Each structure stands twice: as structure tokens, then as C-alpha cells.
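Visitor: I have a structure here, written as C-alpha cells, and I will follow up with some questions on it.
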Amino acid sequence: MDITQILLAAQSPDANLRTVAETNLTQFQEQNLPNFLLSLSVELSNDEKPPESRRLAGIILKNSLDAKDSSKKELLTQQWVSVDPSIKSKIKESLLGTLGSSVHDARRTSSQVIAKVASIEIPRREWQDLIAKLLGNMTLPGASAPLKQATLEALGYVCEEISPQHLEQDQVNAVLTAVVQGMNQTELSSEVRLAAVKALYNALDFAESNFANEMERNYIMKVICDTAVSKEVEIRQAAFECLVAIASTYYSHLDYYMQTIFNLTANAVKGDEEPVALQAVEFWSAICDEEIALQDEYEGSDDGNSTIHFRFIEKALPSLVPMLLETLLKQEEDQDQDDNVWNISMSGGTCLGLIARTVGDAIVPLVMPFVEANITKPDWHCREAATFAFGSILEGPSVEKLAPLVQSGLGFLLNTMNDSNTQVKDTTAWTLGRVFELLHSPAGANPIINSSNLPRIMAVLLESSKDVPNVAEKVCGAIYFLAQGYEDAESMSSVLTPYLPNVIAALLSAADRADTTHFRLRASAYEALNEIVRVSNVPETSGIIGQLLQEIMRRLNLTFDLHILSSGDKEKQSDLQALLCGVLQVIIQKLSSTDAKSIIALTADQLMTLFLRVFACHSSTVHEEAMLAIGALAYATGPDFVKYMPNFFTYLEAGLQNYEEYQVCSISVGVVGDICRALEDKILPFCDRIMTVLLKDLSNSMLNRSVKPPIFSCFGDIALAIGENFEKYLPYGMPMLQGAAELLGTLDQSDDDMVDYGNQLRRGIFEAYSGILQGIKGPKAQLMIPYATHLLQFTEAVFRDRSRDDSVTKAAVAVLGDLADTLGASSKDLFQAHLFHVEFLRECLDLDDEVRETASWAQGMINQAVVS
């Protein structure tokens with residue numbers, strides 16, 4: 001087979017030629033993978049071949065080594081590992097040779113493929129001479145600029161692909177030396193210098209011990225700071241990107257360099273090209289992130305003034321804030337129309353917000369004079385910048401500091417919603433949303449909203465919801481946060497009741513607008529509607545919510561008649577159905593938790609018919625929302641829900657088996673729990689199939705691990721529902737619980753995500769045991785004796801583990817009580833053989849009320865069992 005011709009044919013405009021070529025490539029790959037990969041690498045390295053065939057060869061080669069999907073990536077890794085070493089060696093030599101090619105694309109692709117091979121081999125202690133070979137290119141007498149550039153790119157990509165522990169320190173030193181030399185002004189080629197700065201950016205994570213050494217650190221920082229004033233824009237930008245990364249990674253080493261960096265960033269923000277100025281602002285945002293994290297870490301502890309916290313932001317405040325306020329005046333026309341715009345004014349406002357969170361009250365006197373000086377100027381740029389500045393500093397300073405300013409400025413903001421410029425209105429609506437989100441607390445000491453200003457606020461918001469879509473979207477957000485303020489003070493939400501019909505009408509009308517090219521206004525309107533329903537005061541609003549229920553059902557029914565001509569149409573239908581199912585879920589939850597339950601009972605049949613029709617449209621995004629709504633309906637209708645099970649069960653089973661879209665699987669597991677609580681033992685006829693699927697899910701290595709803890713909790717729900725009938729599942733379910741308990745011992749405790757996952761898994765296991773113990777309690781309680789010792793050993797291991805959180809503690813203590821309650825006198829010897837419970841329960845007396853109550857109940861149960 002002539003690989004060149006096949007690669008060219010695979011890009012032919014003629015579909016028939018393309019199909020044949022693609023089939024040939026697939027056959028070659030499947031029948032002889034090693035030679036297939038070798039042929040591609042030879043094609044890529046041969047300067048006499050056409051650029052098109054070389055480009056495709058490189059892409060296929062890269063895709064044969066790496067994939068986004070982790071299981072596919074694992075498979076490709078195994079395939080590469082099993083290729084004959086002599087062929088792998090030829091491929092690698094060929095790739096290294098291509099770095100010297102005269103064609104830029106081939107060099108770039110080759111450097112990327114080298115990194116993909118390195119990502120597989122270097123962690124396995126293979127290809128140990130790669131770094132040396134690449135560095136050899138840099139010191140080769142007469143090495144061309146293109147070879148140096150490609151080599152530096154390869155070094156950068158390799159550092160991006162592998163972890164710092166996979167390189168020896170002398171290799172790191174050599175890489176840094178080569179990269180820093182490449183950045184030197186004596187290097188005449190700007191392409192080489194740019195590649196060197198980008199490689200340094202990727203190598204920074206490897207430089208920990210170099211940054212710990214003052215002399216080496218000074219040298220690296222000097223070279224970066226010199227490079228930040230190069231004459232080429234791209235190189236200056238890349239140098240500032242390095243400074244941003246250093247702010248995050250090596251904050252503790254920065255003190256000595258901060259004056260120099262301040263001057264560099266100030267000059268860049270004032271006068272450099274925007275890409276460079278953006279990175280200069282980003283440096284200060286990164287410093288804020290670090291200092292906020294340090295404050296959170298040391299909050300309330302004695303080492304709050306830890307030496308590592310340099311308070312750079314506080315020290316730079318008098319110069320930093322004015323510099324950022326100036327950036328706010330550099331808006332672009334119509335930037336409010338595009339959600340993806342990121343420019344210097346937005347970056348400056350974001351940084352200002354982070355500074356407010358870092359220093360709190362100290363920012364207010366530095367920003368308010370700017371606000372007051374610009375808020376009434378004729379130039380809209382000044383009015384928008386003043387509003388943006390005010391909105392940006394509302395999180396961080398104390399309510400005491402901000403409340404008087406907001407109370408005196410609120411009327412002004414409401415007037416500004418009539419400004420002649422939409423960008424000013426857009427920012428004002430955003431600022432009102434921030435005021436309501438951060439400072440509106442009806443039960444607090446300084447309520448921002450009171451009976452005298454609420455009518456004006458509501459009138460302005462309702463009128464502005466008709467404004468252009470981007471302004472209306474922010475107004476819906478403001479309505480959302482205004483309502484959310486009453487979540488913890490629901491009795492006070494009666495003040496909203498008189499406005500409810502008009503607010504609902506305005507939000508439905510905003511959701512319906514024909515000018516909504518962007519989906520966000522519709523989503524924002526429905527989210528605000530959900531929040532209005534959540535906080536509304538039933539019974540006085542149940543009539544209005546009942547009418548809304550009918551209207552949303554009508555809208556959902558209409559979605560089935562939409563003309564679906566393309567995948568875009570399908571997606572729009574699916575998104576709209578998701579939003580409407582979301583509203584129905586909130587309404588069902590609201591009405592079913594009150595005396596207005598009868599409204600749901602009367603519409604349950606229609607609701608279920610609608611949800612089943614949504615499933616029939618086969619769309620996973622909707623699947624989730626409809627599934628959640630059905631969970632709410634099951635809770636609301638209780639045992640009557642059983643009549644829907646035959647038609648619904650097919651979809652529930654499909655959801656439980658949806659491994660690819662694991663969120664759907666996870667939600668379906670939650671809905672099984674809702675149905676168990678609703679139906680109790682009426683769920684029995686469906687349990688065999690549910691348990692079969694859940695057990696398969698637990699054994700499936702492809703299923704995202706986050707679904708497994710809820711599955712264990714679900715075992716508990718099923719056992720509680722069907723009681724002693726759970727006996728038949730014990731031989732299958734209990735080994736799964738024991739296996740998961742053993743797996744916990746192998747989790748990496750240094751990884752925060754793994755610690756969180758470990759806690760979720762523990763809670764899931766304890767909830768399963770609690771449900772099973774309570775379900776089996778009675779004549780068949782003795783069935784649990786064989787599992788009791790393992791359960792106590794597991795509980796003791798969790799007790800000894802300091803990484804457990806309070807929810808795990810509570811679940812563990814509850815299990816001890818359930819074990820004593822279910823086994824009674826039979827558990828006496830068990831508890832006397834495992835005395836850790838004495839210490840465990842004593843420790844719980846110092847925790848919060850819920851844990852304390854559970855612990856004292858468990859103590860009572862154990863005492864009864866031991867005494868009897």
C-alpha cells in the first residue's frame with residue numbers, strides 16, 4: 001500500500017475516494033499497528049512528501065497515542081507499550097529527525113508527537129535519553145534557528161505532558177539552562193526566543209528546588225523580567241504569562257522582586273498592547289487568589305500573620321487601585337452584546353473585585369471618589385466605568401461599610417436603568433443583582449429593601465425586563481437574587497405576594513421573546529421564576545402557583561409540536577424541555593410540602609404523561625430534568641405513584657444503565673430512592689431488575705466513580721422499603737459493601753479529591769448498612785450477624801481516620817445504633833470485643849447538635865443491648 005496516496009485520497013473532495021481511503025487506513029491500523037505507526041512517522045519525516053499527506057500522518061499518529069476519554073487513552077497506551085521495541089526505536093528516531101525538517105508544520109507536529117510518546121514512556125522509566133538528545137540539538141554547532149525552535153517546543157510539550165516527579169533534578173537543571181539561554185537577547189531569532197519563553201512556562205512546575213535556591217531564582221527572574229520588555233509583543237505577552245504562573249506557584253519567593261514587577265505591570269497596563277496588558281492585570285489577580293486562599297487557610301488561627309503572607313495587595317493598594325480604575329474606561333463598543341468578550345476593562349473590573357475580597361473595607365475609600373466623579377458625566381464610558389467599579393467592590397468589605405453607600409445609591413441605580421446607553425443599563429442591572437445577592441438580608445440588621453423602596457424596585461425591574469435581551473437577562477438575574485434573599489426568611493416573603501402575578505407574567509414574557517438569539521435570557525427568566533416559586537408564601541400564593549403549573553404544562557405540551565429539521569432544532573427543543581421540566585419540579589416540590597398537595601394529586605396523571613413524552617424524545621439533557629421532576633412527583637403522590645411504574649420503569653432502567661452520561665445514571669439512582677420512600681413495599685415487583693442493574697453498575701469500571709456512593713445509599717433505601725424481603729439480595733449486596741470498604745484503604749490520602757471521594761464512599765456504605773439493618777430488623781435479624789464483625793472493624797477504621805468529615809461521623813454513629821437496635825442482645829459480645837465505640841461516642845459529644853443527638857441515641861441502644 002502506498003501510504004502517501006492513501007493519505008492524500010483520505011482528504012479528497014470526492015466522497016467515494018475518501019471512504020475507500022479511510023477504510024484502507026483502518027484496515028492497515030487494525031491488521032498491523034506497529035508498521036502502520038512506523039509508516040506514518042516515515043511519511044511525517046520525509047521532506048520530499050506533499051505537506052498534506054505529512055500533516056494527516058502527524059494527526060493520525062498523535063491520535064494513535066492519546067485521547068480525551070480516559071478509557072480510550074488507557075487502551076492506546078497499552079497498544080503502544082506492546083509494540084516491538086525495535087520498531088518503537090525507529091519511530092522515535094524518525095520523530096527526533098523531523099525536528100530539523102525545513103517544513104514548519106512537520107516540525108511542530110513532530111514536537112507534539114514526541115511529547116505524547118514521552119507521556120507514556122518516561123513515567124515507565126523508558127526513553128531516558130530523550131531530554132539529553134533534545135538538549136543536544138540546542139548545543140549543536142551551527143544548529144539552525146528552526147531546529148532550536150522545534151526542540152524548545154518539544155521540551156515545552158514534554159514538560160506539559162509529564163509530572164515533575166518523572167524528571168531527575170539534573171535533567172530539570174539542564175532543561176532550564178537551555179530554555180533560559182534560548183530566551184537570551186543574544187539569540188537573534190525571535191521565533192527561538194518565543195519558543196524558549198513558552199517552554200519555560202511549561203517547565204516552571206519542575207523548578208521547585210531551583211526557586212528555593214536564591215542565586216538560581218534571581219537569575220531566572222532577571223531573565224523573565226528582561227524578556228517582559230522585549231520588542232516583540234508575543235514575547236512580552238509570554239513573559240508576563242510566566243510571571244502569572246510564578247505568582248500562583250512560587251508566591252512565597254516573590255517578596256524581593258515585587259517592586260520590579262509592579263513597575264513592569266504598571267507600564268504594561270498603561271501603555272502596552274492589550275494582550276500584554278491583560279496578562280499584567282492577570283498577575284495581580286493571581287496574587288489576590290493566593291492571598292485570599294492564605295486568609296481562608298489561616299482564618300481564626302494564631303498564625304494568621306504567618307510569614308508567608310506578604311500582604312502584597314495591601315501594600316500596593318494606593319497605586320494598584322487607581323491603575324485598575326483607569327482600565328475600566330477602556331471599554332469596547334457593544335462589548336455587552338458578546339458573552340465571550342474579554343478585554344482590559346473587564347479584566348480590570350474582575351481584578352478590582354478580587355482586591356475587594358482580599359483587603360475588605362480598605363478598598364472602599366479608594367474607589368468611591370472615582371464612582372462619584374464619573375457617575376453623572378455625559379460620556380457613557382465614564383458612567384459605565386463608575387457603575388462597574390461600584391458593582392465590583394460589593395463582595396469583601398463589611399455590610400456595615402457598604403450598607404450606607406448602597407442605601408443612598410440605590411435610588412440612583414434604579415434611575416440609571418433608564419439611561420440612554422444600553423451598556424450602562426447592562427452594567428447597572430448586573431450591579432443591582434450584586435446588591436441583592438450580597439447585601440439584601442431581610443432578617444439582618446441593615447435590610448437594603450424595605451416597604452418604602454420595594455414598590456419602586458419592583459416597578460423598575462418589571463419595566464426593564466422588557467429591555468434589550470442582554471439587559472433583560474441581567475434584570476432576571478436581579479429578580480432571582482431579590483427573591484433568594486427571602487429563602488431563609490420565608491415568612492417575610494409575603495411582601496412579594498402582591499407583585500407575584502406581574503412578576504410571573506414578566507418572566508414568562510421574557511422567556512418567550514422572539515428576539516432572544518441567545519438562550520441565556522430564556523434560561524435566566526425560568527431560573528428567576530423557579531426562585532420566585534421557591535420562596536413564595538403558601539397558602540396565600542397557592543392559587544397563583546396552581547395557575548402557573550397549568551401554564552408550564554401547556555408550554556411543555558407545545559414543545560412536542562416543534563418542527564425538528566436539524567440537530568440544532570433538536571437541541572433547542574431539548575433545552576426548552578429541560579427548563580420547563582425544571583420549573584415543574586420546583587412547583588411540585590413547593591406544593592407537595594404544604595396543604596396545597598391536592599393540586600398535584602389532581603394533575604399527577606397529566607404531569608406523568610408529559611414527562612413520559614419527554615423521555616420518548618430521547619434526549620439525555622432533558623432526561624435528567626424530567627427524571628428529577630418525576631422524583632419530586634413520586635414524593636408528592638406517595639403510594640399512588642405505583643400506577644405509573646409499568647410505563648415509567650423502562651426509562652428508569654435505561655437511566656440506570658447510562659454509563660456514558662454518568663450524571664443521568666446518578667440522578668436515576670436518586671430517583672430510585674425517591675420512589676422507594678413513596679411506594680415502600682409496593683416497589684417489590686421491580687426490585688429484582690433494579691438490584692441487578694445496580695450491582696452491574698458497581699462492577700462496571702467504565703462508570704464514573706462518583707455514582708458509586710449513591711448506589712450504596714440506594715441499597716439502604718430499597719431495604720427500608722421492602723424490609724425482610726431484602727434477604728434475597730444479601731449474598732450479592734454485602735460482598736460489594738465489604739469490597740468497597742477494603743478499597744478505601746488504598747485511596748491516595750494526599751489528594752484532596754480522593755479524600756472527598758473517600759468520605760462520600762464511606763457515607764454511602766454506612767447509609768446502606770443502616771437501611772439494611774433497619775429493613776431486616778425483626779424475625780430475620782439474625783441474618784445480619786455474619787456481617788456484623790466486618791462492619792464494626794470498618795467503623796473502627798473510619799473512627800481512627802482523621803480525614804473523615806462530620807457527615808461520615810454522623811452516619812457511622814447511626815450505624816452503631818442501628819446494629820445494636822436490630823441485633824439486640826446478640827450484639828452484646830460484638831460490642832464488648834470492639835470497645836472503640838466508647839471513645840468514638842464520647843468524642844461526638846463535642847460536635848454539632850445533629851451528631852450529638854445521633855450519638856446519644858446510639859449510646860442508649862448499645863447500653864440496652866449490652867445490659868440485656
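Visitor: Any lysines with Cα under 27 Å of the residue 708 Cα? List them, leaving off those in the same chain fewer than 8 positions away.
Guide: Partners found: 68, 72, 73, 682, 696, 728, 777, 810.
Visitor: Which lysines have a Cα less than 24 Å from the Cα of residue 425, not counting those fewer than 8 places away in the same chain?
Guide: Within the straight-line limit of under 24 Å, residue 425 reaches these lysines: 330, 377, 466, 474.
Visitor: Averaged per residue, what accessible area in Å² does the range 165-222 show with a 1.4 Å probe, protein chains only?
Guide: I get 50 Å² per residue for the range 165-222.
Visitor: Which of the peptides 474-484, 5-15 is most tightly packed, and how do the rest follow, going by the mean number of other Cβ atoms within 10 Å of each residue?
Guide: 474-484, 5-15
Visitor: Also: Ranked highest first by average number of other Cβ atoms within 10 Å, how do 284-295, 423-434, 250-261 line up?
Guide: Per-residue mean Cβ counts within 10 Å order the peptides as 423-434, 284-295, 250-261.
Visitor: How much length would be gained if the chain were fully extended between residue 26 and residue 571, taking 0.36 nm per residue of separation minus their Cα-Cα distance, in nm to one decimal?
Guide: This chain segment gains 193.0 nm when fully extended.
Visitor: Return a whole-number percent for the relative contact order of the range 327-472, with Cα pairs under 8 Å and 6 or more residues apart as the contact set.
Guide: Across the range 327-472, relative contact order equals 22 percent.
Visitor: From the P(r) of the range 707-788, can you give the percent of Cα pairs sitting at distances over 14 Å?
Guide: 61
Visitor: Please report the relative contact order for the range 110-191, taking Cα pairs under 8 Å with a sequence separation of at least 6, and give it as a percent rounded to a whole number.
Guide: After rounding, I find 40 percent.
Visitor: With each pseudo-label sitting 7 Å past Cα toward Cβ, what's the residue 421-residue 846 distance in nm, one decimal?
Guide: 5.9
Visitor: Here is a further query. Can you tell me the accessible area per residue over the range 1-116, all protein chains present, probe 1.4 angstrom, in square angstrom?
Guide: 51
Visitor: Tell me whether the range 729-868 comes out rounded, prolate or oblate; compute the Cα gyration tensor, take square roots of the eigenvalues as a ≥ b ≥ c, and use a/c under 1.5 as the rounded threshold.
Guide: Oblate shape, in that a/c is at least 1.5 and b/c is the bigger or equal ratio.
Visitor: Additional query: Could you please state, rounded to a whole Å, how far the C-alpha centre of the range 568-642 is from the C-alpha centre of the range 146-213?
Guide: So the two Cα centres are separated by 56 Å.
Visitor: Let me check against my output: what whole-number percent is the relative contact order of the chain, with C-alpha pairs under 8 Å and at least 6 apart?
Guide: Once divided by the residue count of the chain, the mean separation gives 4 percent.
Visitor: Applying a 10 Å radius around every beta-carbon, put 822-829, 356-363, 497-504 in order of their mean neighbour count, most first.
Guide: Ranked by mean Cβ neighbours within 10 Å, highest first: 356-363, 822-829, 497-504.
Visitor: If you look at just the Cα atoms of the range 419-527, how large are its Rg and its Dmax in Å?
Guide: Gyration radius and largest Cα-Cα distance of the range 419-527: 13.6, 43 Å.
Visitor: Determine, at each q value in 0.07, 0.10 (inverse angstroms), the log₁₀ of I(q)/I(0) that the Debye formula gives when each Cα of the chain is one equal point scatterer.
Guide: Here log10 of I(q) over I(0) equals -0.80, -1.46.
Visitor: Here's a follow-up. Would you mind getting me the FRET efficiency between residue 89 and residue 184? Use the beta-carbon distance for r and R0 = 30 Å, nearest 0.05.
Guide: Once the sixth-power term is evaluated, E becomes 0.30.
Visitor: While we're on this one: Which of rounded, prolate or oblate describes the range 1-105 when judged by the alpha-carbon gyration tensor and an a/c cut-off of 1.5?
Guide: Oblate.
Visitor: Next question, about the same structure. Each residue of the range 365-382 in turn: what ³J(HN,Hα) in whole Hz from Karplus with 6.51, -1.76, 1.60 and θ = phi - 60°, glycine and Pro shown as x?
Guide: Here the 3J(HN,Hα) series is x, 7, 9, 4, x, 5, 4, 5, 6, 10, 5, 10, 5, x, 6, 4, 4, 5 Hz.
Visitor: Could you state the number of Å between the C-alpha centres of the range 436-509 and the range 815-868?
Guide: 49
Visitor: How large is ³J(HN,Hα), in whole Hz, for each residue of the range 724-733 in order, when computed from phi with the Karplus curve 6.51 cos²θ - 1.76 cosθ + 1.60 and θ = phi - 60°, using x for Gly and Pro?
Guide: 5, 5, 5, 3, 5, 8, 4, x, 9, x
Visitor: OK, next. When a/c reaches 1.5 or more, the comparison of a/b and b/c decides; with that in mind, is the range 666-739 rounded, prolate or oblate per its Cα gyration tensor?
Guide: Verdict is oblate for the range 666-739.
Visitor: A further question on this structure: Return the loop-located trypsin sites (Lys or Arg not before Pro) in the range 109-160 (DSSP other than H, G, I, E, B) with at most 10 other Cβ atoms within 10 Å of their own Cβ; answer none if there are none.
Guide: Sites meeting the loop and neighbour criteria: 125.
Visitor: Write down, largest first, the equivalent ellipsoid semi-axes of the range 768-813 in whole Å, where each equals the square root of 5 times an eigenvalue of the alpha-carbon gyration tensor.
Guide: Equivalent ellipsoid semi-axes, largest first: 24, 12, 5 Å.
Visitor: Another question, then. With every protein chain left in place, what is the accessible area per residue of the range 350-501 in square angstrom, probe 1.4 Å?
Guide: For the range 350-501, the solvent-accessible area averages 38 Å² per residue.
Visitor: What dipole magnitude, in Debye to the nearest 20, does the chain give about its Cα centre under +1 on Lys/Arg Cβ and -1 on Asp/Glu Cβ?
Guide: 1220
Visitor: If I histogram all Cα-Cα distances within the range 809-856 using bins 10 Å wide from 0, what percent of pairs lands in each bin?
Guide: With 10 Å bins starting at 0, P(r) equals 27, 54, 19, 0.
Visitor: Here's something else I'd like to know. Assuming R0 = 56 Å, can you tell me the calculated FRET efficiency for the pair residue 857 and residue 266, based on Cβ-Cβ distance, to the nearest 0.05?
Guide: With a Förster radius of 56 Å, E is 0.35.
Visitor: Keeping the other protein chains in place, figure out the carbon and sulfur percent of the accessible area of the range 422-532, with a 1.4 Å probe.
Guide: With neighbouring chains kept in place, the figure for the range 422-532 is 52 percent.
Visitor: Given a Förster distance of 51 Å, report the FRET efficiency between residue 214 and residue 647 from their Cβ-Cβ distance, rounded to the nearest 0.05.
Guide: 0.10
Visitor: Ignoring ligands, DNA and RNA, what percent of the accessible area of the range 1-153 is carbon or sulfur (1.4 Å)?
Guide: 52
The values are calculated or read from the model by the stated rules, or taken from the named source; none is laboratory data. What you are looking at is a predicted structure, and each value in this text was computed from that prediction instead of being measured. Positions of Cβ are backbone-derived with ideal geometry, glycine not excepted, and every protein chain shown enters the neighbour counts. Surface accessibility is based on the protein's heavy atoms, side chains included, excluding ligands, DNA and RNA. Shrake-Rupley method; radii C 1.70, N 1.55, O 1.52, S 1.80 Å.
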